[in-house]
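Just below is one structure, and these are the notes that go with it.
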Amino acid sequence: MKKILLASAFILTCLIGHSQIVYSVDNQSFADIKVYVVSSQAFADLLVYKQSNQAFVGPNNGQWFFTTNQSFAKKKIFFTDNQAFADLKIFYVDSPNFAGWKNMDKKSLLD
């Protein structure tokens with residue numbers, strides 16, 4: 001029983017360590033990456049689905065959970081109004097099935 005609990009804790013820690021739990025900062029100097037929301041998925045690097053529960057986010061798969069506690073976030077992001085200053089361009093989708101990377105060259109930004 002003890003081994004099962006330890007194995008479960010290890011797996012959960014690994015999943016949370018690679019999941020997309022993000023925190024939105026108000027100042028770009030505190031951000032890990034700068035993000036711009038595009039108006040069409042054709043221009044996006046990443047299609048993002050906002051999850052309402054962090055248990056459902058996966059390892060860098062475009063499903064984001066926005067935490068209200070900065071210490072729980074894997075990445076701190078700043079939403080910029082200028083596309084030229086963005087490290088990553090995203091488009092929000094309505095289903096987790098549509099979330100994912102379109103530009104794999106940018107995937108390392110969230111690893």
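Within region 39-80, count every residue that is closer than 15 Å to G100 by Cβ, of a type in the set (A, V, I, L, M) and touching a residue at least 24 places away in the same chain (Cβ under 8 Å). The qualifying residues number 5. Can D26 be described as modelled with pLDDT of 95 or more and either crowded, with 17+ Cβ neighbours inside 10 Å or out of contact with any Leu (no Cβ under 8 Å at 6 or more places or on another chain) (or both)? In short, yes. For region 87-104, the set of residues classified as more than 14 Å from the chain's Cα centre (by Cα) and not in a loop (DSSP other than H, G, I, E, B) consists of N97, F98, M104, listed by residue number. When we screen F78, F85 for residues that are aromatic (F, W, Y) and either surrounded by fewer than 15 Cβ atoms within 10 Å (Cβ to Cβ) or touching a Cys at 6+ places or on another chain (Cβ under 7 Å) (or both), the only hit is F85. When restricted to residues that are over 11 Å from the mean Cα position of the chain (by Cα), among the hydrophobic types (A, V, I, L, M, F, W, C) and modelled with pLDDT under 95, region 29-59 contains 2.
Return yes or no: is S24 without any contact (Cβ under 8 Å) to a residue 60 or more places away in the chain and more than 13 Å from the chain's Cα centre (by Cα)? Criteria not met by S24.
The values are calculated or read from the model by the stated rules, or taken from the named source; none is laboratory data. Since the structure is predicted, the reported quantities are computational estimates derived from the model, not experimental observations. Here the Cβ is made from the backbone with ideal geometry for all residues, glycine too, and neighbour counts use every protein chain on show.
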